[in-house]
1. Quick check: from the Cα gyration tensor, does segment 266-408 come out rounded (a/c under 1.5), prolate or oblate?
2. Which residue fluctuates most in the GNM of the chain (Cα springs below 10 Å): 279, 170, 89?
3. Mind ranking 365-374, 201-210 by how tightly packed they are, going by the mean number of other C-beta atoms within 10 angstrom, highest first?
4. Please give every one of the lysines within straight-line cross-link reach of residue 295, meaning a C-alpha to C-alpha distance under 18 Å, and leave out same-chain neighbours fewer than 8 residues apart.
5. In percent, what relative contact order does the chain have, based on Cα pairs under 8 Å that are 6 or more apart in sequence?
6. Within 10 Å of each residue's Cβ, count the other Cβ atoms and sort 290, 260 from fewest upward.
7. Rank the residues 341, 263, 28, 414 as a footprinting-exposure proxy: fewest other Cβ atoms within 10 Å of their Cβ go first.
8. When DSSP beta bridges are limited to those with both residues in the chain, what percentage is antiparallel, rounded to the nearest 5?
Amino acid sequence: MADYQDLLVERLRVDGRDEDGGSRLLAHGAGGRAEDGPDGWEPVERRTEIVDVAGAEPVRVDVVETARGPLLVLDRRRPDAPALDLADGTEVEGLALRAPSRVLADAGAEVAMWGRRLEVVAAVAGGRGNPAYLPGVALPDAVTATTDPRRALEGADVVVLALPSQSLRGVLGGVADAVPAGAPLVSLAKGLESGSRLRMSEVVAEASGAARERVAVVSGPNLAREIAERQPTATVVAAHAPDVAAEVAAACATPVFRPYTHHDVLGVELGGVVKNVVGLAVGMAEGLGYGDNAKASIITRGLAQTSRLAVALGAEAATLAGLAGMGDLVATCASPLSRNHQTGVQLGRGLDVGAAARVVRQTAEGVRSAPSVLALARSAGVEMPIVEQVVDVVEGRVHAREAARLLLARDLKHEAG
Ligand SMILES: NC(=O)C1=CN([C@@H]2O[C@H](COP(=O)(O)OP(=O)(O)OC[C@H]3O[C@@H](n4cnc5c(N)ncnc54)[C@H](OP(=O)(O)O)[C@@H]3O)[C@@H](O)[C@H]2O)C=CC1
Ligand SMILES: O=C(CO)COP(=O)(O)O
């Protein structure tokens with residue numbers, strides 16, 4: 001165990017019963033040693049968390065937590081004893097983990113992360129990072145984690161929503177009443193909601209009930225793995241309210257992460273949405289064995305079509321030439337880390353969407369967004385041939401090779417037309 005984590009012996013006493021019949025516990029203050037403090041017996045938090053398990057029924061987990069941290073062992077002299085079925089007045093010695101997050105939280109630095117899976121949350125809270133998504137990356141000590149979204153939201157100055165686009169409304173809507181009043185709500189998601197075709201800033205405002213001025217989006221060439229490795233990058237923080245954009249930018253700026261503020265929320269979001277679809281197309285070209293000329297052509301025409309759509313919907317053309325447009329498009333189309341790119345490669349090799357998803361195993365937003373982008377484009381009277389072909393491949397109507405042939409066979413035209 002790293003030297004900044006502590007295992008503390010807790011002196012615990014059973015003090016009656018909870019409403020559900022389990023033992024109510026008190027802990028002796030300051031690590032359970034009487035000489036450590038005058039505060040005597042103090043309440044212990046006990047709650048049940050529901051843990052989703054892939055391919056099985058959810059599991060109920062009893063969590064017992066003292067002021068020092070969660071109990072790993074309730075009774076260290078009888079570790080196999082039934083956890084919370086002790087006679088009134090019994091005293092036991094538990095073991096509490098004081099994790100780095102807790103130590104840093106005490107020192108004032110707080111990033112409270114919510115996750116739905118106990119094993120992920122336990123790994124993050126225990127200083128082991130997130131081995132499932134970011135193997136080999138140590139997360140900052142200041143990140144704490146919980147499976148209880150309300151605890152994560154408690155007292156938050158800024159609420160950051162890093163969820164796949166199709167899950168965001170449900171998750172946020174379920175805890176909207178717990179979002180601290182006045183805290184900016186920041187979306188990192190790069191997709192359109194299927195059905196409503198709403199952008200994520202719109203979904204956030206609807207699901208939370210917050211005014212749109214409280215919502216910000218962060219978008220740019222921001223591949224998660226590189227950021228987690230503290231490799232330098234820049235990004236855009238867009239909000240309708242300049243002070244909200246500035247507040248969020250100040251909150252996330254580091255020596256290697258440089259945010260620029262922007263007012264064009266629509267343009268910034270559309271850049272992030274459509275680059276995923278173009279990333280699928282570039283991946284398909286790669287999967288088909290095409291070279292860099294083909295990929296550069298798709299990137300360039302993809303950006304032209306994205307800008308056309310964005311401007312038709314009311315965004316500024318210059319936004320799409322910036323970090324959230326061209327910048328993110330280049331990162332996605334060039335990097336093997338991009339899940340949209342990876343998914344495209346699998347589609348180009350002939351796999352269908354389901355099989356490609358099983359290979360890539362993480363969210364490729366372009367797959368769900370492509371039909372919504374196409375519908376938006378049609379409603380705005382904008383032609384997006386690359387998106388059209390991606391939709392046809394994703395929906396299994398044509399093979400990627402045929403999609404490429406159809407794109408190349410289109411009528412000749414002026415490049416700026
Ligand atoms: N990864 C990246 O490089 C970047 C991603 N983004 C955007 O961020 C958004 C999220 O992507 P990302 O985190 O990478 O996606 P991943 O697929 O890597 O991870 C999805 C995360 O969301 C959780 N999740 C999914 N559905 C739900 C749900 N219904 N309730 C609760 N939690 C859920 C997953 O939990 P579980 O593990 O339990 O399934 C997992 O932690 C996307 O819109 C993406 O475009 C933006 C910039 C960079
Ligand atoms: O948006 C991203 C980089 O900016 C991440 O791209 P993927 O979702 O394709 O991995």
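1. Since a/c reaches 1.5 and a/b is larger than b/c, the shape of segment 266-408 is classed as prolate.
2. 89
3. 365-374, 201-210
4. 275
5. 10 percent.
6. The most exposed by this proxy come first: 260, 290.
7. With the fewest neighbours first, 341, 263, 28, 414 line up as 414, 263, 28, 341.
8. In the chain, approximately 65 percent of DSSP beta bridges are antiparallel ones.
Just so you know, all these numbers are worked out from the coordinates, no wet-lab data involved. The structure displayed is predicted, hence computed values, not measured ones. Positions of Cβ are generated from backbone atoms using ideal geometry, with glycine treated the same way; all protein chains shown enter the neighbour counts.
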